[in-house]
Amino acid sequence: MAAKAQIAKNGAVLLGDSVACDAFNEDRPLRIVTHAHSDHLGGLRKSLRCCQKVLMTHATRDLAEKLDESLKLRASSIVTLDYGEPLRFGDERITLVKADHILGAAQVLVEDVDGIRVAYSGDFRIDDTPVVECDVLVVDATYGSPSCRRRFGVDVRKLFVSMVEKRLRGGSVYVFGYHGKLQEAMQLLRDADVSVPFVMPQRVYSIALVCKQHGMRLSGMSLSTDADGRELLEGDLPCVAFYHMNSRGYVGLRNARICLSGWEFTSPCRQIGEREYLVALSDHSDFDGLIEYVKRSKAKQVITDNYRMSHGAVLAKEIRKRLGVSAVPMPKEPGQTTL
Ligand SMILES: [Zn+2]
């Protein structure tokens, strides 16, 4: 059963006989993109040229094109699948299952004629991710170390909303984060009836529009370069400005600032500057969530992703120890260490 799944040196997650997820593999006719984050788009141009089919959700296609405008994802080899809509290829059946991570994110299930089920979780947050029961599981290991636990005892989303509400009384509030998470933060605020205008640069705006097209409830958005947006920001009027983390060093320096980061385990909120706070809003499961997922999947064999994060070996060891399930990290040597 071991050969049913593996992770190649370049990070390609190989499932069953035909599928390579999240990086190119020359022996696999099917490429799957689980979601639009860059560490899951490896060799996509090559896959578009060489693979018979490149599968992803509709939302992932739209989002990936916005995140990298040089990507053209309209080729005939692209097949967009809905969650739960199976695709037959040879003797295998491939299904994308929702993952709670960024818009469009999917888990992958490959079933063969003998009924063996091989699954890849992709990146996920356990909260709203349905666990895929399977025989062999490839699992994300981003927060795969026992030191990566968020046992805060508070609802970080509610905390974020109340921090923004409080600071809006003093003028504009700047929120910094990565693409996808910024749009999630917008929706959290709107769902909590925070009705002030949202202001953002072009790129954040165009990604928000994709999220809106795919059902996220976003409204009242202005471009920071338009007259409306400029007036709000220059006048320090009550609004929330959303910027990519990379802009942290040069915008909103005198304003209330909230940075959204998954790499925070000591407290749900920490002051990092005079008017700047870090809030532990993450789109990945912490260590406990990863263990919980593996347990509920009932997998008999687990491979931890040691390419995208170097916690694969630790997580495999903990799975063996805590659950008594066979688990190995792949590839053996860790790959890149960025998210
Ligand atoms: Zn991701």
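The values are calculated or read from the model by the stated rules, or taken from the named source; none is laboratory data. Just so it is clear, the model here is predicted, and its values are computed rather than measured. No Cβ is skipped: glycine too gets one built from the backbone with ideal geometry, and neighbour counts run over all protein chains shown.
Considering only the stretch 100-108, I want to know if a residue exists there that is away from the ligand (no atom under 16 Å from the Cβ) and touching a strand residue (DSSP E or B) at 6+ places or on another chain (Cβ under 9 Å). Among the residues of the stretch 100-108, not one is away from the ligand (no atom under 16 Å from the Cβ) and touching a strand residue (DSSP E or B) at 6+ places or on another chain (Cβ under 9 Å), which makes the answer no. Within the stretch 24-45, residues that are of a type in the set (D, E, K, R) sit with their Cβ atoms under 8 Å from residues that are within 10 Å of the ligand (Cβ to nearest atom), at 6+ positions apart or across chains, in these pairs: Asp39/Asp22; Asp39/Arg308; Asp39/Leu339.
For the stretch 249-261, name all the residues that are within 16 Å of the ligand (Cβ to nearest atom) and out of contact with any Phe, Trp or Tyr (no Cβ under 8 Å at 6 or more places or on another chain).
First pass over the stretch 249-261, keeping only residues within 16 Å of the ligand (Cβ to nearest atom): 260-261.
The answer is Ser261, and nothing else.
When only residues in the stretch 149-184 that are under 17 Å from the mean Cα position of the chain (by Cα) and either among the hydroxyl-bearing types (Ser, Thr, Tyr) or within 16 Å of the ligand (Cβ to nearest atom) (or both) count, which is surrounded by the fewest Cβ atoms within 10 Å (Cβ to Cβ)? Per the criteria, the residue is Tyr178. Only one of the numbered conditions (1) polar (S, T, N, Q); (2) closer than 30 Å to Arg169 by Cβ; (3) more than 18 Å from the chain's Cα centre (by Cα) is not met by Ser261, and that is (3). Quick check: is even one residue across the stretch 52-74 more than 30 Å from Ala192 (Cβ to Cβ), loosely packed, with under 15 Cβ neighbours inside 10 Å and β-branched (Val, Ile, Thr)? Checked the stretch 52-74: no residue is more than 30 Å from Ala192 (Cβ to Cβ), loosely packed, with under 15 Cβ neighbours inside 10 Å and β-branched (Val, Ile, Thr).
In the set Arg49, Arg31, only one residue is surrounded by 23 or more Cβ atoms within 10 Å (Cβ to Cβ) and basic (Lys, Arg); that residue is Arg31. Count of the stretch 177-218 residues, restricted to those that are in contact (Cβ under 8 Å) with a residue 40 or more places away in the chain and of a type in the set (Asp, Glu), is 1. Hey, among the residues in the stretch 262-321 that are more than 16 Å from the ligand (Cβ to nearest atom) and of a type in the set (Asp, Glu), which one's modelled with the lowest pLDDT? The residue in question is Glu264.
Scanning the stretch 138-148 for residues that are buried (at least 23 other Cβ atoms within 10 Å of the Cβ) and either within 23 Å of Glu231 (Cα to Cα) or not hydrophobic (A, V, I, L, M, F, W, C) (or both) yields Asp140, Thr142, Tyr143, Gly144.
The single residue among Ala299, Ala208 that is surrounded by 18 or more Cβ atoms within 10 Å (Cβ to Cβ), outside any loop (DSSP other than H, G, I, E, B) and touching a strand residue (DSSP E or B) at 6+ places or on another chain (Cβ under 7 Å) turns out to be Ala208.
Listed by first and then second residue, the pairs with beta-carbon distance under 6 Å, at least 6 apart or on different chains, first residue in the stretch 279-290 and closer than 22 Å to Val164 by Cβ, second among the acidic types (Asp, Glu) and away from the ligand (no atom under 14 Å from the Cβ), are Ala280/Glu264.
The set of residues in the stretch 275-296 being of a type in the set (D, E, K, R) and not in a helix (DSSP H, G or I) consists of Arg275, Glu276, Asp283, Asp286.
Could you go through the stretch 96-105 and let me know if any residue there is assigned to a strand (DSSP E or B) and of a type in the set (D, E, K, R).
Within the stretch 96-105, the subset assigned to a strand (DSSP E or B) is 96-98.
Next cut, of a type in the set (D, E, K, R) only: 98.
Looking through the stretch 96-105, at least one residue is assigned to a strand (DSSP E or B) and of a type in the set (D, E, K, R).
Of the conditions (1) in contact with a strand residue (DSSP E or B) (Cβ under 7 Å, 6 or more places away or on another chain); (2) closer than 21 Å to Arg275 by Cβ; (3) surrounded by fewer than 17 Cβ atoms within 10 Å (Cβ to Cβ), Gln202 fails just one. Which one is it? The one condition Gln202 does not meet is (2).
Yes/no per residue for (1) assigned to a loop (DSSP other than H, G, I, E, B); (2) over 22 Å from Ser310 (Cα atoms); (3) more than 16 Å from the ligand (Cβ to nearest atom); (4) of a type in the set (Asp, Glu):
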{"residue": "Gln6", "(1), (2), (3), (4)": "no, no, yes, no"}
{"residue": "Glu26", "(1), (2), (3), (4)": "yes, yes, yes, yes"}
{"residue": "Asp39", "(1), (2), (3), (4)": "no, no, no, yes"}
{"residue": "Arg45", "(1), (2), (3), (4)": "no, yes, yes, no"}
{"residue": "Leu48", "(1), (2), (3), (4)": "no, yes, yes, no"}
{"residue": "Glu65", "(1), (2), (3), (4)": "no, yes, yes, yes"}
{"residue": "Glu69", "(1), (2), (3), (4)": "yes, yes, yes, yes"}
{"residue": "Ala75", "(1), (2), (3), (4)": "yes, yes, yes, no"}
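Taking the criterion of being within 21 Å of the chain's Cα centre (by Cα) and either more than 14 Å from the ligand (Cβ to nearest atom) or part of a loop (DSSP other than H, G, I, E, B) (or both), the residues of the stretch 50-63 that qualify are Val54, Leu55, Thr57, His58, Arg61, Asp62.
For Gly324, are the conditions met, namely being within 16 Å of the ligand (Cβ to nearest atom), out of contact with any helix residue (DSSP H, G or I) (no Cβ under 7 Å at 6 or more places or on another chain) and not β-branched (Val, Ile, Thr)?
Judged against the criteria, Gly324 is not a match.
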